[in-house]
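Q: Got a structure for you, questions after.
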Amino acid sequence: MKNNMTVNNDINFNPVRFRHHLHRYPELSLQEHKTASEITDQLLTFGFEPKTNIGGYGILVEIKSGNPGPITLLRADFDALPITEKSQHDHVSRNHGCMHACGHDGHVASLLAVANQLSQTPPQSGTVFLLFQPAEEIGVGAKKMLQDPRLKGIQPDAVYAYHNLPGYPLGTVVVKDGVFACASTGVMITLIGKTSHAAKPENGHSPAPAVARLMDYLHHMPEAFKEAFSLVTLVHVNVGNKGFGTSPGRAEVMATIRSSDNYILNYMKRNLLDFAQKQADCYQLEMQIEWIEPFNATMNNPETTKNVITAAQSLNYDVVIPTEPMRWSEDMGEFLQQWPGTLFCIGSGTDHPELHNPDYDFPDALIEQSSRLFLQLIAQSHN
Ligand SMILES: [Zn+2]
Ligand SMILES: [Zn+2]
């Protein structure tokens, strides 16, 4: 909570410098304790009293106007990825094998720039919450935060977050109502049979034919679901060991399944489970199936989406309304199951390296652009 009497606007706060610092020292999902304490320290410097360790390393700041009015929540994510950075700039990752390849360092810097501004000019009505979320990349951070009693007690009227988006012109706002980002899940199917001498395969139970059928099934699975965007990507297959003398006794098949519809995703999961079990029975194998990193679809509310478009236009930002949802998934979808709100994107540049690539780096110009948009959204409903 922030008392209106104390004005602690930190004139020394440089969000670009802060972003570069986070970029040098990225931390993987669920291990972001240093990142969280850096954010907390900065919020304390602004004069706020952040609540910490919410559902892991989550952070929440409440900024009360003292007057009745709406409740708005702005969210940024702050975890990094297990990718080795390949760049020459001076803020290249010092934590080998880990990097901010999704720009969450930039999302944090943007929200801290908003915090700095609000510490000086708080909203005139209602309450603004700033939420910093860990473990976005593995789809567990939002759920864990929502389970914390300190979040259960709040009921925002509008929730906003943004993601930077390579492939669109720098600064262009990309937003649509309804499904904005797909539901998805990873799946790992393990088939356990029995090894045997390669000269006597009939004495064992090889999972190879079942794997071949599964690969074919996964490849064709989306064809049955024309009513919504659906996609299956086979990501890894492993059968037996690299030796010519042994018929395999174990296999793993991994795939990522996506759909713009939560129900269709669940339907695909059920069908896959049935098919995999049938193959296992047919070839006398034991089958284990594991669903990994599940995300709900991100559903944008029409009203809050209109607010984003209005705010962007009043700042003369270009707005693009895509016809299709984003193929990727976002943990913001979890918050939007509970609360009305909008996830939008801001273009990172048409030729910018893709997200999750080793040469990616968040474009610093977006920090000011996005924080101005957040502040405009607050001004629209709180001033
Ligand atoms: Zn990502
Ligand atoms: Zn991301």
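The values are calculated or read from the model by the stated rules, or taken from the named source; none is laboratory data. Just so it is clear, the model here is predicted, and its values are computed rather than measured. Using ideal geometry, Cβ is built from the backbone for each residue, glycine included, and neighbour counts are taken over all protein chains shown.
Q: Filter the range 76-92 down to the residues that are surrounded by fewer than 24 Cβ atoms within 10 Å (Cβ to Cβ) and within 16 Å of ligand 2 (Cβ to nearest atom) and list them by number.
A: 81, 82, 83
Q: So, in the range 137-175, of the ones that are touching a helix residue (DSSP H, G or I) at 6+ places or on another chain (Cβ under 7 Å) and outside any strand (DSSP E or B), which residue ends up surrounded by the most Cβ atoms within 10 Å (Cβ to Cβ)?
A: Result: 142.
Q: Looking for something assigned to a strand (DSSP E or B), under 23 Å from residue 328 (Cα atoms), assigned by TED's automatic domain parsing to the domain that holds residue 329 and not charged (D, E, K, R) - is there at least one such residue anywhere in the range 92-109?
A: Looking for residues that are assigned to a strand (DSSP E or B), under 23 Å from residue 328 (Cα atoms), assigned by TED's automatic domain parsing to the domain that holds residue 329 and not charged (D, E, K, R), one finds at least one in the range 92-109, hence yes.
Q: Is it true that residue 114 is under 21 Å from residue 70 (Cβ atoms), at pLDDT 95 or above and within 25 Å of the chain's Cα centre (by Cα)?
A: yes
Q: If you take the residues of the range 309-345 that are farther than 24 Å from residue 133 by Cα and acidic (Asp, Glu), which of them is nearest to the chain's Cα centre (by Cα)?
A: 324
Q: If you don't mind, there's one more thing I want to ask. Name the residues in the range 217-266 that are in a strand (DSSP E or B) and aliphatic (A, V, I, L, M), would you?
A: Residues satisfying the conditions are 231, 232, 234, 235, 237, 239, 251, 253, 254, 255, 257.
Q: For residue 110, state whether it is buried (at least 24 other Cβ atoms within 10 Å of the Cβ), small (Gly, Ala, Ser) and away from ligand 1 (no atom under 15 Å from the Cβ).
A: So residue 110 passes the test.
Q: Sticking with this one: Can you tell me how many residues in the range 265-314 are of a type in the set (Gly, Ala, Ser) and exposed (fewer than 15 other Cβ atoms within 10 Å of the Cβ)?
A: Of the residues in the range 265-314, 1 are of a type in the set (Gly, Ala, Ser) and exposed (fewer than 15 other Cβ atoms within 10 Å of the Cβ).
The rows are residues; the columns are (1) modelled with pLDDT under 95; (2) more than 26 Å from residue 226 (Cα to Cα); (3) within 16 Å of ligand 1 (Cβ to nearest atom).
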| residue | (1), (2), (3) |
| --- | --- |
| 304 | no, yes, no |
| 317 | no, yes, no |
| 322 | no, no, no |
| 326 | no, no, yes |
| 330 | no, no, yes |
| 334 | no, no, yes |
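Q: Which ones in the range 343-374 are buried (at least 19 other Cβ atoms within 10 Å of the Cβ), within 16 Å of ligand 2 (Cβ to nearest atom) and of a type in the set (S, T, N, Q)?
A: Matches in the range 343-374: 348, 370.
Q: Can you go through 329, 314, 348 and tell me which one is among the hydroxyl-bearing types (Ser, Thr, Tyr) and more than 30 Å from residue 14 (Cα to Cα)?
A: 329
Q: Restricting to the range 177-212, give me the number of residues that are crowded, with 22+ Cβ neighbours inside 10 Å, under 30 Å from residue 318 (Cα atoms) and out of contact with any His (no Cβ under 9 Å at 6 or more places or on another chain).
A: 4
Q: Could I ask something else about it? Could you tell me which numbered condition residue 129 fails, if it satisfies all but one of (1) within 16 Å of ligand 1 (Cβ to nearest atom); (2) among the hydrophobic types (A, V, I, L, M, F, W, C); (3) surrounded by fewer than 23 Cβ atoms within 10 Å (Cβ to Cβ)?
A: (1)
Q: Something else: When the range 236-257 is examined, which residues are found to be loosely packed, with under 13 Cβ neighbours inside 10 Å and either under 17 Å from residue 212 (Cα atoms) or not assigned by TED's automatic domain parsing to the domain that holds residue 197 (or both)?
A: The answer is 236, 241.
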